[in-house]
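This report concerns only the one structure given below.
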Amino acid sequence: MRAVKLTSPGTLEMVEVEKPEPGPGEVRVKVAGAGLCHSDLHILHLPVPWPGPDPTLGHEGAGWIDAVGPDVTGLDIGSAVLVNLIWSCGQCRPCILGRDNACISGGRYMYPPTPGLGPDGAMAEYMIVPARHAMPLGKLDPVSAGPLADAALTPMRAISSARDWLTPGSTAVVIGVGGLGHMAVQILAASTGARIIAVDMADDKLALARKHGADLVLKSDAAAAAILAESDGYGADAVFDFVGVQQTVDLARGVVAPEGALRLVGLGGGKIDLGAEANTGVIPWGVDIRKSYGGTRADLIEVIALAAQGKLTVEHTLYPLADFQRAFDDLEAGAIAGRAILTP
Ligand code: NAD
Ligand code: ZN
């Protein structure tokens, strides 16, 4: 079968590999669609070779159950499934407490096993998935559902961790209306009472935010003053940064209200110079900051439920798997509205 692998820093290749067989506790999924995440670009641009075998990329997969391992029950051949992003063990203390995005299998400094970031991912014709992490999609179309596994799951966790702030009358700011951000706008609109302000540097992304429920859209360079002006200089209750470069981190800390919630999701390398000091110029008193990673199984079930209700839609462009390079180039150029999805 065909698979898209990272073969050296900066190089992706389509290679021919053996069709994999599911072992005990595993299923084989015939991939219907694999979303491209900006994280795939970060991986592609790592300056050093990937540790271990060349990975098949793709951590946003969905498809149909194609074969099951000897002891697997309850998953019917041909049924549509979403491949969970986070292959948590389900048995450690964080997992049992519902924090499976911080499963102990990831250790202190890494993340739990993730398809496409070690185990072979979804940019292939078939993939092997632990049966526990093949999440039933019901009637949802697996061709376009893959991005729910990350582009929706990750904002769901960031938003759910800030629900105490997102009461009716509150203001939420979404920075970066790409794959994750356009889902964040929809999740906020569908599940909170917040007024939604979306920020991006591209007009077409702001139009997408409007379409999906943003109340106000702002270009990034003018956003700080406008957001503060909206709140008599006080700031927004919750700020979600889906870019994470220095400009957006500065915007986020500069507009979050005292005692507000700040969620850093984008991995652009921006920093906050947070000191144990009385200076509130860097960040106001009481701000609750989280570097948010992925989401939990409960979050994923909520994501699938919202999608099934028609309240969460993946804007997407389909590319044949063979055109993977064009899809990566388009993502890099900022030319994708929502998500690019590869279809084998
Ligand atoms: P994307 O490329 O689809 O979207 C990025 C968006 O940000 C685009 O709309 C772009 O126009 C906008 N943007 C870029 N620079 C900007 C700026 N200075 N001001 C305002 N908007 C700006 O990316 P994505 O797939 O949505 O991923 C976003 C980030 O989240 C990436 O860094 C990715 O690696 C990261 N990520 C983190 C997690 C996590 O668990 N923490 C999970 C998935 C992705
Ligand atoms: Zn991702």
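Among G334, G244, G268, the largest mean-square fluctuation in a Gaussian network model of the chain (Cα springs under 10 Å) belongs to G334. Ordering A149, L46, I304 by Cα displacement along the dipole of the chain toward the positive end leaves I304 in first place; charges were set at the Cβ atoms of Lys, Arg (+1) and Asp, Glu (-1). From its DSSP helices (H runs of at least four residues, each -39,500 (n - 2.57)), the chain gives a residue-normalised ellipticity at 222 nm of -7000 deg cm²/dmol.
The slack between M14 and D71, meaning 0.36 nm per residue of separation minus the straight C-alpha distance, is 17.3 nm. Within the straight-line cut-off of under 23 Å between alpha carbons, the lysines reachable from K271 are K219, K291, sequence neighbours fewer than 8 places apart in one chain being disregarded.
Under 8 Å for C-alpha pairs, at least 6 residues apart: give me the relative contact order for region 234-344, rounded to a whole percent. This gives 20 percent for region 234-344. Measuring nothing but how far apart in sequence close Cα pairs (under 8 Å, 6+ apart) lie, relative to its length, region 134-282 scores a relative contact order of 20 percent. Using a/c under 1.5 as the rounded threshold, could you call region 279-344 rounded, prolate or oblate? The axes a ≥ b ≥ c are square roots of the C-alpha gyration tensor eigenvalues, and prolate needs a/b larger than b/c, oblate otherwise. Oblate is the answer for region 279-344, as a/c is 1.5 or above yet b/c matches or exceeds a/b.
What percentage of the solvent-accessible surface of region 52-106, computed with a 1.4 Å probe over protein heavy atoms, is contributed by carbon and sulfur atoms? That fraction is 54 percent.
Solvent-accessible area assigned to carbon and sulfur over region 109-174 amounts to 59 percent, based on a 1.4 Å probe.
Around the amide H of A340, modelled in the peptide plane, lie the amide H atoms of L36, T317, all under 5 Å away and 5 or more residues distant in sequence or on another chain.
Solvent exposure of region 93-195, expressed per residue, is 36 Å² of accessible area, with all protein chains present and a 1.4 angstrom probe. Normalised by the number of residues in the chain, the mean separation of alpha-carbon contacts (under 8 Å, six or more apart) gives a relative contact order of 18 percent.
Counting only residues at least eight positions apart within a chain, or on another chain, the lysines with an alpha carbon under 29 Å from that of K19 are K5, K30, K139. Could you tell me which of rounded, prolate or oblate describes region 1-126, using a ≥ b ≥ c as the square roots of the eigenvalues of the alpha-carbon gyration tensor, with rounded for a/c under 1.5 and, failing that, prolate when a/b is larger than b/c and oblate otherwise? In terms of gyration-tensor shape, oblate. Computed from phi, the 3J(HN,Hα) profile of region 118-123 under the Karplus parametrisation 6.51, -1.76, 1.60 (θ = phi - 60°) reads x, x, 4, x, 8, 7 Hz, with x in place of Gly and Pro.
Note on the chain: along the principal axes its Cα atoms extend 62, 40, 39 Å, ordered by decreasing extent. For region 33-77, list log₁₀ I(q)/I(0) at each q in 0.14, 0.23, 0.25 Å⁻¹, using the Debye formula over Cα point scatterers of equal strength and ignoring solvent, two decimals each. Reported log10 I(q)/I(0), two decimals: -0.55, -0.87, -0.93. So which GluC sites (Glu not before Pro) in region 277-323 are both in a DSSP loop and have at most 16 other Cβ atoms within 10 Å of their Cβ? Hits after loop and neighbour filter: E277.
The values are calculated or read from the model by the stated rules, or taken from the named source; none is laboratory data. All values reported here derive from a predicted model rather than from experimental measurement. Here the Cβ is made from the backbone with ideal geometry for all residues, glycine too, and neighbour counts use every protein chain on show. Surface areas here come from the heavy atoms of the whole protein model, side chains and all, with no ligands, DNA or RNA. Shrake-Rupley method; radii C 1.70, N 1.55, O 1.52, S 1.80 Å.
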